[in-house]
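A.B. asks: Sending over a structure as structure tokens; questions will come in a sec.
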Amino acid sequence: MSAFPLPTPVLAPTSGGRPFPVRRLFCIGRNYAAHAREMGANPDREPPFFFTAWAETVVPGGGTIAYPAGTADYHHEVELVVAIGASGHAVPVDQALSLVHGHAVGLDMTRRDLQAEAKAAGRPWDVAKNVEQSKPLGVIRTGPGFDASAGAITLSRNGVETQRGDLGDMIWSVAEVIAHVSRFYRLEPGDLIFTGTPSGVGPVAIGDTLIGEIAGLEPLQVVIGPQEA
């Protein structure tokens, strides 16, 4: 009886050179007031909302990603991503940053039409968010020196800026987000937290080039390729 092959681990690049093995993804929604409004939500400081995604959705280093099947309205969302490097459960806010291994630029690509259908029917967003190649991830900057409390976050599509915000505009800070997620899951090394996107999300087309940037981090470049067979 033959054994099934083990899954290939997803290894994200880091500034220190040692790859970061991705475990799980926790993705925060509606964490910038302007984006919450453009999605038709109330940006008041309700408890953070998040969903989960598979490690297999991550595309380490960016590059070309396929336009997925089943959608005619695929959207870009640039985000600050926090890489977790230590275990923690029910972590107090004032201790939450001790779990951080590093930070990176990421994209949370979304089948927006399918998300709208799910919202209207009161159903989960998995088919819209947990999509192969939908979470391109830039180089994770490790070590001290990066300030996640402020700094420009932008995305350009074919050289035209479409998203701009500031990390200081986040409704819930990185520490607060980590503390909140840790109330429901024991965070472990290898986990990634996508911290939300500023306003300006929009559709992409095959052939588009996207560049996500956050002050102090290495930019992330992605090209939208054709659907895979």
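The values are calculated or read from the model by the stated rules, or taken from the named source; none is laboratory data. What you see is a predicted model, and the numbers here were worked out from it, not measured in a lab. So basically every Cβ, Gly included, is an ideal-geometry build from the backbone, and we count neighbours across all protein chains shown. The accessibility values were calculated without ligands, DNA or RNA, using every heavy atom of the protein model including side chains. Shrake-Rupley method; radii C 1.70, N 1.55, O 1.52, S 1.80 Å.
A.B. asks: For the chain, what is the accessible area per residue in Å² when the probe is 1.4 Å?
C.D. replies: On the way: 10610 Å² over 229 residues.
Computed with neighbouring chains in place, this is 46 Å² per residue.
A.B. asks: Still on this structure, please answer the following. Expressed as a whole percentage, what fraction of the accessible surface of the chain belongs to carbon and sulfur atoms when a 1.4 Å probe is rolled over the protein heavy atoms?
C.D. replies: Details: 5790 of 10610 Å².
After summing per-atom areas, the C and S share lands at 55 percent.
A.B. asks: Still on this structure: Where does the chain land at 222 nm, in deg cm²/dmol rounded to the nearest 500, when only DSSP H runs of n ≥ 4 count, each adding -39500 (n - 2.57), divided by all residues?
C.D. replies: Details: 4 runs with 28 residues, N = 229.
After summing the helix terms and dividing by the residues of the chain, the value is -3000 deg cm²/dmol.
A.B. asks: A follow-up question, please. What is the spin-label model distance, in nm, from Ala72 to Asn158 if the labels are put 7 Å beyond Cα along the C-beta direction?
C.D. replies: The two pseudo-label positions are separated by 1.9 nm.
A.B. asks: Quickly work out the Ala215-to-Glu132 label distance, labels modelled 7 Å from Cα along the C-beta direction, and quote it in nm with one decimal.
C.D. replies: My value for the distance between the label points is 4.0 nm.
A.B. asks: Using a simple charge model, +1 on the beta-carbon of Lys and Arg, -1 on the beta-carbon of Asp and Glu, nothing else, what dipole does the chain show about its Cα centre, in debye to the nearest 20?
C.D. replies: Using only the charged Cβ atoms, the result is roughly 380 debye.
A.B. asks: How much net charge surrounds Asp191 when only the other residues with a Cβ under 11 Å from the Cβ of Asp191 are counted, with Lys and Arg +1 and Asp and Glu -1?
C.D. replies: On the way: positive: Arg23, Arg24, Arg186; negative: Glu188.
Spelling it out: positives minus negatives among the neighbours equals +2.
A.B. asks: Using the Karplus equation 6.51 cos²θ - 1.76 cosθ + 1.60 (θ = phi - 60°), what ³J(HN,Hα) coupling, rounded to whole Hz, does each residue of the stretch 200-214 give in order, writing x for Gly and Pro?
C.D. replies: Listing the rounded values in order: x, 4, x, x, 10, 10, 4, x, 5, 10, 10, 10, x, 9, 9 Hz.
A.B. asks: Below 14 angstrom from the Cβ of Thr64, what's the summed charge of the other residues (Lys, Arg +1; Asp, Glu -1)? Before the final figure, lay out the partial values.
C.D. replies: Numbers: positive: none; negative: Glu132, Asp208, Glu228.
Computed value for this residue: -3.
A.B. asks: Exactly which GluC sites (Glu not before Pro) in the stretch 111-204 are in a DSSP loop and have at most 16 other Cβ atoms within 10 Å?
C.D. replies: Listed in order of number, the matching sites are Glu132.
A.B. asks: Further question on the same structure: What's the extension gain from Asp169 to Leu6 if we count 0.36 nm per residue and subtract their Cα-Cα distance? Could the numbers behind the result be given before it?
C.D. replies: Working: separation 163, 0.36 × 163 = 58.68 nm, distance 4.17 nm.
That works out to 54.5 nm of additional length.
A.B. asks: Using a 10 Å cut-off on Cβ atoms, rank the peptides 141-149, 26-34 from the highest mean neighbour count down. Provide the component values of the computation, followed by the final result.
C.D. replies: Values: 141-149: 13.7, 26-34: 22.1.
Taking the mean over residues of other Cβ atoms within 10 Å, the ranking is 26-34, 141-149.
A.B. asks: Mean separation of Cα pairs under 8 Å and 6+ residues apart, divided by the residue count of the chain: what relative contact order is that in percent? Could the numbers behind the result be given before it?
C.D. replies: Values: 580 pairs, mean separation 71.9, N = 229.
Computed value for the chain: 31 percent relative contact order.
A.B. asks: Another one. Calculate, in nm to one decimal, what Asp94 and Asp113 gain on full extension: separation in residues at 0.36 nm each, minus their alpha carbon distance.
C.D. replies: On the way: separation 19, 0.36 × 19 = 6.84 nm, distance 3.89 nm.
That pair, Asp94 and Asp113, stretches by 3.0 nm at full extension.
A.B. asks: Remind me, what semi-axes does the chain give for its equivalent ellipsoid, largest first in whole Å, using sqrt of 5 times each Cα gyration tensor eigenvalue?
C.D. replies: Numbers: eigenvalues 113, 96, 71 Å².
Over the Cα atoms of the chain, the semi-axes work out to 24, 22, 19 Å.
A.B. asks: Hey, another quick one. Taking 8 Å as the Cα distance limit and 6 or more residues as the minimum spacing, I'd like the relative contact order of the stretch 131-204 as a percentage.
C.D. replies: Values: 52 pairs, mean separation 20.2, N = 74.
Once normalised by length, the contact order is 27 percent.
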